[in-house]
Amino acid sequence: MALAGTGAFAEILDGGEVYKYYADGEWRASGSGKSVPIVNPTTRKTQYRVQACTQEEVNKVMEAAKVAQKAWARTPLWKRAELLHKAAAILKEHKAPIAECLVKEIAKPAKDAISEVVRSGDLISYTAEEGVRILGEGKLLVSDSFPGNERNKYCLSSKIPLGVVLAIPPFNYPVNLAVSKIGPALIAGNSLVLKPPTQGAVAALHMVHCFHLAGFPKGLISCVTGKGSEIGDFLTMHPGVNCISFTGGDTGIAISKKAGMVPLQMELGGKDACIVLEDADLDLVAANIVKGGFSYSGQRCTAVKVVLIMESIADAVVEKVNAKLAKLKVGPPEDDSDITPVVTESSANFIEGLVMDAKEKGATFCQEYRREGNLIWPLLLDHVRPDMRIAWEEPFGPVLPVIRINSVEEGIHHCNASNFGLQGCVFTRDINKAILISDAMETGTVQINSAPARGPDHFPFQGLKDSGIGSQGITNSINMMTKVKSTVINLPSPSYTMG
Ligand SMILES: NC(=O)C1=CN([C@@H]2O[C@H](COP(=O)(O)OP(=O)(O)OC[C@H]3O[C@@H](n4cnc5c(N)ncnc54)[C@H](OP(=O)(O)O)[C@@H]3O)[C@@H](O)[C@H]2O)C=CC1
Ligand SMILES: O=C(O)[C@H](O)COP(=O)(O)O
């Protein structure tokens, strides 16, 4: 049942073929007269079209954002939170049409699509509450805590907004990884310009409309569409931008080199390692390798991307994983398949390249390699060696390499030799060993006895090395979208309270 672009969302399409972009509180067609096709990964046919916005339209959006932010900064915290709660409720109320967009644009399984929207509403509400708390207090410092000073100065320090935040989320969570930036930016008193991924842009436009329906001030939130390769640099290098929050691949590394003197929040690629010790619960390991490595067809930055398993238990675990992989449902996202088509043909081709390289170099194929269009059947590659590309590169697909190790040190070495440092996980019944290994792994997060995951969304989430800059997670995102202001009261003479 076609839900996208109808009912409450009809004005985004406005009876046309091309979804409009959002600026100054209204839906607009771009003056470029051009549009960007969004190809359905399952049918490989154009599903939707969005505006190819112009640089002039970006300039106007930035000007409006700057003006709107000044008024928004004078909006009481409770009022900001109230509007965010309203947007969250509207988002959850309309989860069906937004989930339909996720199914059609990024082939997200229907149930996962619904849960992404609900999770996003919960994230917005949690952010509203957290923001009221942490932004509702500051610090008072007295001068005499520093040697040689009397108590004749009071310093009041508080967190104030940065200005205009540019948010750029990736295709695989175009709603959740957008609101994970939008919520913190708004509660902190900033305005927000969103450039959604092309694949996922219509889901993002529907999400933006929920903020529109909630009644946010005109110009405070904008959403410009267009290929990142065409409009991206103009956005990230725009003088009107005071902060960039980006989630995606190594594009983020290039952006960090081009951006001006602005705070950057970068959540980039990952090669999350799963280290399995001999005393691990092998059924737990197998379940987490399958869930961690193959959910959403491996298209998660926190997916398990390499298994480093002690030789003595490798056969047993590989057998258990293969048995579970055989039971996964492979097909279209509408049928709630476990494995659905990857997002683009170029992504499928990249994955195939890694598989063929592994084949040439002698990896053991636990399943026949099978691909139909963008649909790739789950594939476990055993006896992978470090000279194979898949030992190091991020397939972002349902293909998982297993490297057999003979010592924990070997596993830690491989994990730390990666350019990535997002998450990792270790399976063992010995908590002391787990802590030692966690401390040794150069990653932002280590999961003990579970697969890597960003959620729940209030946990700090950060990438080291090429996996990112700064930290996400609701509290850390709110804080990084503020700066500190100090106001010092100077007394004519020292004054001490007598107690
Ligand atoms: N660390 C994390 O939390 C996450 C990391 N990722 C990583 O992202 C990658 C897959 O996501 P994907 O969307 O393909 O990543 P990309 O880096 O290709 O794109 C991310 C976003 O950047 C935009 N973009 C592209 N080029 C530019 C540019 N020059 N300037 C500004 N923005 C630009 C894209 O727009 P457009 O779509 O129009 O090109 C998209 O909105 C994987 O490497 C994955 O590991 C994904 C999710 C979460
Ligand atoms: O980047 C991703 O792919 C998401 O951040 C993963 O989120 P999740 O681990 O909660 O699915």
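The values are calculated or read from the model by the stated rules, or taken from the named source; none is laboratory data. The structure presented is a predicted model; accordingly, all values stated were derived computationally and were not measured. Note that each Cβ is placed from the backbone with ideal geometry, even for glycine, and that neighbours are counted across all protein chains shown. Note: accessible area is taken over every heavy atom of the protein model, side chains too, but ligands, DNA and RNA are not part of it. Shrake-Rupley method; radii C 1.70, N 1.55, O 1.52, S 1.80 Å.
Points worth noting:
- For segment 342-499: accessible area per residue (Å², 1.4 Å): 46 Å²
- Residues ASP144 and THR6, FRET efficiency given R0 of 51 Å [Cβ-Cβ distance, rounded to 0.05]: 0.20
- Summing Cβ point charges (Lys, Arg +1; Asp, Glu -1) relative to the Cα centre of segment 354-414 gives a dipole of roughly 160 debye.
- Ratio of Rg to Rh over segment 434-499 (Cα coordinates, Kirkwood Rh, two decimals): 1.29
- Against the criterion of solvent-accessible heavy-atom surface with a 1.4 angstrom probe, TRP78, TRP27, TRP72 sort, most first, into TRP78, TRP27, TRP72.
- Out-of-range pairs (alpha-carbon distance over 22 Å; input LYS95/LYS329; LYS218/LYS258; LYS60/LYS257; LYS95/LYS181): LYS95/LYS329; LYS218/LYS258; LYS60/LYS257
- Per-residue extension of 0.36 nm, minus the Cα-Cα distance of ASP283 and GLU17, leaves a gain of 90.8 nm for this segment.
- Rg and Dmax of segment 84-180, both derived from C-alpha coordinates alone, stand at 20.9, 67 Å.
- Listed peptides 174-180, 437-443 appear in the order 174-180, 437-443 once ranked by packing, highest mean of other Cβ atoms within 10 Å at the front.
- One equal scatterer on each Cα of the chain, no solvent, Debye formula: the resulting log10 I(q)/I(0) at q = 0.07, 0.08, 0.14 Å⁻¹ is -0.40, -0.52, -1.33.
- Fraction of accessible area attributable to carbon and sulfur, the chain (%, probe 1.4 Å): 55 percent
- Averaged per residue, segment 1-120 has 46 square angstrom of accessible surface, using a 1.4 angstrom probe with ligands and nucleic acids left out.
- Both the radius of gyration and Dmax for segment 278-370 are 14.1, 41 Å, in that order, over alpha-carbon atoms.
- Calculated FRET efficiency for the pair GLN367/ASN432, C-beta based, R₀ 35 Å, to 0.05: 0.40
- Relative contact order for segment 340-479: 16 percent, from Cα pairs under 8 Å spaced at least 6 residues apart, divided by residue count.
- Relative contact order of the chain, defined on C-alpha pairs under 8 angstrom at six or more residues apart (%): 18 percent
- A Förster distance of 41 Å, applied to the separation of the beta-carbon atoms of LYS329 and ASP24, puts the FRET efficiency at 0.35.
- Paramagnetic reach from ALA316 in segment 273-308 [backbone N under 20 Å; point 7 Å along Cα→Cβ]: 274-291, 307-308
- Dimensionless Rg ratio for segment 382-499, taking C-alpha atoms and the 2.2 N^0.38 Å reference: 1.61
- Label-to-label distance, nm, for residues given as ALA89 and ASP233 (7 Å Cα→Cβ offset): 4.6 nm
- Relative contact order, whole percent, for segment 228-334 stands at 23, derived from Cα pairs under 8 Å and 6 or more residues apart.
- Across the chain, the longest run free of exposed loop sites, meaning trypsin sites (Lys or Arg not before Pro) lying outside DSSP classes H, G, I, E and B with no more than 16 other Cβ atoms within 10 Å, spans 228-328.
- Its Cα gyration tensor gives segment 19-127 an equivalent ellipsoid. The semi-axes, each the square root of 5 times an eigenvalue, are 28, 24, 8 Å from largest down.
- Taking a straight line from the alpha carbon of LYS108, these aspartates and glutamates sit under 16 Å away, with near neighbours fewer than eight places off in the same chain left out: GLU100, GLU116, GLU334, ASP335, ASP336, ASP338, GLU345.
- Equivalent ellipsoid semi-axes - Cα gyration tensor, segment 1-67, angstrom: 24, 15, 9
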